[in-house]
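For reference, the structure is listed below as structure tokens.
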Amino acid sequence: MASSAVERLVTPEATRILITSPNDAFRARISDRLSSDSCLVDEAIGGAAALAQAEEFAYGTVLLDRHLTDLQAEEVATILQARQPGTKIIFVDSERESEPSDLIGTNAEPTGRASGSPATESRGARPEPARPGNEGEPGCEPLPGMYGSHRAMRQVFRMARLVAPRDTTVLITGETGTGKELVASAIHQLSARRNGAFVVVNCAAIPEELLESELFGHVRGAFTGAVQSRLGRIHASHGGTLFLDEVGDLPLSMQAKLLRFLQHGEVQRLGSPDVFRVDVRVVAATNADLKQSVAEKQFRRDLYYRLAVFPVQLPALATRRDDIVPLAEYFIEKLCGDSGMGRKHLTAGAAALLQRHSWPGNVRELEHVIERAFILAEERAELSADLFQSSLEESTL
């Protein structure tokens, strides 16, 4: 056991280790070798699952298989190192081992190819943290229709661009008004499904008794009032993306049906024995704490893990104050262009007022406040503090 290359490299003081590999037998063998009374060993079947685990737990060591099926191991390592700088990353190769003691790992290389050297840790030459305003940083360019130079937003842009080309299910979380639908739409636009439909379902806005029909469709006579057959929103998303907004508000009965669709990719309309296979990429969003809902048995645990394959967390506007004034100016410029009016700008007093506000409604509130002030300014070129005062006072009531 002491001769194992991995065991020699795992930090002795590591109290929690994550083994990431799509190879079940490989994970089991390593877990058996590393588990002890003083060390917890978790497993993840892929890169997205590993990132989700790292949202919940701090790891002393993460073992990353070179042969992940969903994400590049180097991409996962970069994100993990940004989130948990103290974590040791060890690359391993599940296809080049016969016994656990013969494991071979590799260092991260720019090309992503294995070096063939014995298993070694990779703390990597970590990329220097991006500076605010560095929108040219590869992979961190703002998403279509969005703006932000704060570090948390650059991470959102990077994560969205990373997952967009794949069919991985994405769960976008964040407070109301942070731009969850914009991120979902951007993921669709940046994917190979961009020419397909982007179908939005607000799970909180559809009455429970109509929700199954809306999602799965029905045939004529399936229920009182069903005078003609119709396809559901899922079927309408075939070849494109289905965006389930406020998915945390789904009733438990519908959660079970949605889970079955996610597992099998099949749709059965109400009142019909026919089953259709559909090709749909699912992106979900919620402002609820789904983990808490799971703990309270208000949300199915198995559905949560199906949806949260690749989680993206949007920050509240109040946590990225450096973006407030640039965002305001972005909205002003857009309004000027849409209205054909001359250029307008914020006064110093107005900018300071916006900076001090708590923004409970986040970016959506800021956009509405700017639009109202823009209208009140009429022909004036300056948007002064007095134009914002009443709107901001109302939002804090």
Of Gly217, Gly179, which residue is at pLDDT below 95 and either closer than 25 Å to Gln263 by Cα or of a type outside the set (Val, Ile, Thr) (or both)? Gly217
Residues located in the stretch 279-307, provided they are of a type in the set (Gly, Ala, Ser) and surrounded by fewer than 22 Cβ atoms within 10 Å (Cβ to Cβ): Ala288, Ser293, Ala295
Evaluate the stretch 310-319: report whether one residue or more is loosely packed, with under 15 Cβ neighbours inside 10 Å, touching a residue at least 40 places away in the same chain (Cβ under 8 Å), not in a helix (DSSP H, G or I) and not hydroxyl-bearing (Ser, Thr, Tyr). yes
Checking Gly174, Gly248, Gly225 in turn, the sole residue that is under 24 Å from the mean Cα position of the chain (by Cα) and at positive phi turns out to be Gly174
If you scan the stretch 231-260, which residues turn out to be closer than 20 Å to Ala184 by Cβ and polar (S, T, N, Q)? Ser237, Thr241, Gln255
Return the residues of the stretch 252-277 that are under 29 Å from Val156 (Cα atoms) and not in a helix (DSSP H, G or I); say none if nothing qualifies. Gly265
Please verify whether the stretch 261-273 includes one or more residues that are within 19 Å of Ser185 (Cα to Cα) and either not assigned by TED's automatic domain parsing to the domain that holds Leu211 or not basic (Lys, Arg) (or both). no
Candidate set from the stretch 35-49 (those that are modelled with pLDDT of 80 or more and aliphatic (A, V, I, L, M)); member that is surrounded by the most Cβ atoms within 10 Å (Cβ to Cβ): Ala44
Given the structure, is Val76 within 24 Å of Leu290 (Cα to Cα), free of Cβ contacts under 8 Å to residues at least 60 places away in the same chain and not charged (D, E, K, R)? yes
Listed residues Leu303, Leu327, Leu335; which is more than 22 Å from the chain's Cα centre (by Cα), in a helix (DSSP H, G or I) and not basic (Lys, Arg)? Leu335
Expected output for the stretch 162-173 (first residue closer than 24 Å to Asp289 by Cα, partner in a strand (DSSP E or B) and of a type in the set (Ser, Thr, Tyr), Cβ below 9 Å, 6+ apart or cross-chain) is Leu171/Thr286; Ile172/Thr286; Thr173/Thr286
Candidate set: the stretch 352-381, residues that are touching a helix residue (DSSP H, G or I) at 6+ places or on another chain (Cβ under 8 Å) and more than 24 Å from Leu182 (Cβ to Cβ); chosen: the one surrounded by the most Cβ atoms within 10 Å (Cβ to Cβ): Leu353
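Any idea which residue in the stretch 33-45 is nearest to Val163 (Cα to Cα), counting only those that are outside any strand (DSSP E or B) and without any contact (Cβ under 8 Å) to a residue 60 or more places away in the chain? Spell out the reasoning first.
From the stretch 33-45, those outside any strand (DSSP E or B) are 33-35, 37-38, 45; that's our starting set.
Now restrict to residues that are without any contact (Cβ under 8 Å) to a residue 60 or more places away in the chain: 34-35, 37-38, 45.
Working: Leu34: 31, Ser35: 32, Asp37: 37, Ser38: 35, Ile45: 17 Å.
Result: Ile45.
The values are calculated or read from the model by the stated rules, or taken from the named source; none is laboratory data. From a predicted model like this one, the values you see are computed outputs, not experimental measurements. Methodologically, a virtual Cβ is constructed for each residue, glycine included, from the backbone with ideal geometry; neighbour enumeration extends over all protein chains shown.
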